[in-house]
Structures are given as C-alpha cells and as structure tokens.
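Presented below is the structure to which this report refers.
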Amino acid sequence: MAELALDVLDLRCSYGAFEAVRGVSFQVASGELFALLGTNGAGKTTTIEVLEGLQSAAAGRVRVLGRDPRRDRRALRRHTGVMLQDGGLTGQLTVRESVQVWRGLTHRPRTTDEVLDLVGLSPRSGVAVEQLSGGERRRLELALAVLGRPQLLFLDEPTTGMDPASRRTTWDVIRRLRSDGTTVLLTTHYLDEAEALADRVAIMHAGRIATIGTPDDVVTVLPARISFLEPTGLRPPELPHATVAIDEGRVGYQSSDVQVDLAYLLDWARDHGVTLRGLTARSASLEDVLLDIAANHTAADKAHQ
C-alpha cells in the first residue's frame, strides 16, 4: 500500500461499561477515498471522533498522517479539513463574509473566489447564510472544510439536504479534490454515494468492521436480483442458478449467474407468450449488504439469548 494517511489498529472506545468500538482496524492510503458506513449506533461516529482528535481511544493504535491525532491535534489541524453534519454557520453573514472570516483562521487558505467557484456558490456570494437552501449551506460548509487545501478531508454526511442535482455537483467537487491528491474519509447514509465515489468501503456494525474492500468486492458476497410482476395464471419458472420468492405480487429471484438466468427467463417468457412487466435485473448493492449484515447480526443475537 502507498504511504498511509490513516492507520488504525485494534481501536477500542467505551462509554462507561458500554464498548462502542470493539477492535477496529483499517488503513487508508494517501490519495484514497475511503467510505466508513454503518447503521446508527455502529460506532463510526466514535471512530471518526478519535481520528479527528476529539476523543481518546481506550485501547489500540491510531495514526493520522503519521501522528497521534489527540497529542498532535494542533499540528494536524493545518493539514486536515472537517465537514461536520452541522457546521454552525452564522446566519446573518453573507456567503462571502463567512468565507473571509474563516480565511483569517486558516493556514495557507485558498482565495475566496477560488473556493466559492469550486463549490459552485459564486452566484450566491452576496446572499445571507440564513437565506440559503439546505443544500447550499452544505456546499458552503464544504467550501470552509477545503479552504486550507487539506491533505486529509473528513466528510460527515456531505450531501444531506441536497436535491439530486446538487448532490451530483458535490460528487464532482469531491472527485476533483481526490484527483488533486486529497485523501478523503467519507461517511454517508446514501449508499449509492459510497458506490459512486469510494475506492474502498468498510461497513461497521455493533462496534466492529463487518466487511471491507472495494464496492465491487463487498457486494459480490450477495447474489444478484431479478424481479417482475407475477403473471396471471402462470407458475414462475425455476431458473438454473436462482431461488425464487413471490412477494406482494412480484416474482423475485436471487441469482448467482444473472446473465444465464435472465436469458433462460426471457426464453420462458417468449415460449409462453408472457410480457414480463416491471422486469428488473441488478447486482446486489451496498444497501443490500448493509441490511444483510444487520439482519444476520440480529438473528445471531436472538439465537444466543
């Protein structure tokens, strides 16, 4: 692996008797975009707070750009950017004034015009923050996070509150930052966002990393999905590499060879004169994997009770 931006080994964090993070280990290479995912309460927020130097680890080893994030927090601040879920912006300042205030607190800042152009807020530079839409406020918070040209950028739910067009624009900004060499640690509940942006993902559950790898590698643990509206009066075909289920008027298959099974299904439909209404065929998604991990963990807990 290339030079490491993040190096986490057996991280453990507790709140009283509750162990929120239970032996988490991962590494992020410089220039990589790494997504840390999980359900609420999975431990990802606590993990990120340790990486940002906001909380001490109970045990384990953590290095951020080669430094201890708690002990060397002041030195690291020059090289990291953080976009929180709520940036606490002052509503009466304009967009430009907000950036200028932060520029006075930032080491080696970009110019105001440069950073506003980067996030697409130049036309809104004279507008008061309180008059911005939710998505525009998030883009302003992103502008402040990247003002100091960080080597490492923490993005916590960066597109919450954005419409689809703004989300895509923000994705383009994040890709541009990554292509310029910025390392990005991303958390998001929009799992299509992680699939679109991340080089690698880790899914946490109950304080541990349940799976880690490229998005393609992670989703291959689950079968692909084929589904269509149930034809009237016909029994669904049995496909060679699939299991079938009928749910609320839809026939759904879990397929280990979607190309072969889909071809077989289309031949069956042609032979029986059936139009497969609502036909879809797709690989498993990160959302499928996350839900599967959560369901299996819940089932395991019940089995041990």
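Quick look at the numbers
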quantity	calculated
Neighbourhood net charge (15 Å Cβ-Cβ; Lys/Arg +1, Asp/Glu -1) for I246	0
Antiparallel bridges, percent of DSSP beta bridges restricted to the range 4-219 (to nearest 5)	55
Dipole in debye (nearest 20) - the chain, about Cα centre, beta carbon charges: Lys, Arg +1; Asp, Glu -1	1240
Relative contact order, percent, the chain [alpha-carbon distance under 8 Å, six or more residues apart]	19
Largest-first principal axis extents, alpha carbons of the range 122-200, Å	37, 27, 17
Around A5: net Lys/Arg minus Asp/Glu count, Cβ-Cβ under 10 Å	-2
Answer label for volume of the Cα convex hull per residue in Å³ (calculated), chosen among (1) 177; (2) 137; (3) 153	(1)
The range 22-158, relative contact order [Cα under 8 Å, separation at least 6], %	27
Cα gyration tensor, the range 224-283 - rounded (a/c under 1.5), prolate or oblate	oblate
Test item: Cα-centred dipole of the range 56-165, Lys/Arg +1 and Asp/Glu -1 on Cβ, debye	800
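Values in this text are rule-based calculations from the coordinates and carry no lab data. Owing to the predicted nature of the structure, the values given are computational and were not obtained by experimental measurement. Heads up, the Cβs are rebuilt from the backbone with ideal geometry, glycines too, and the neighbour counts pull from every protein chain shown.
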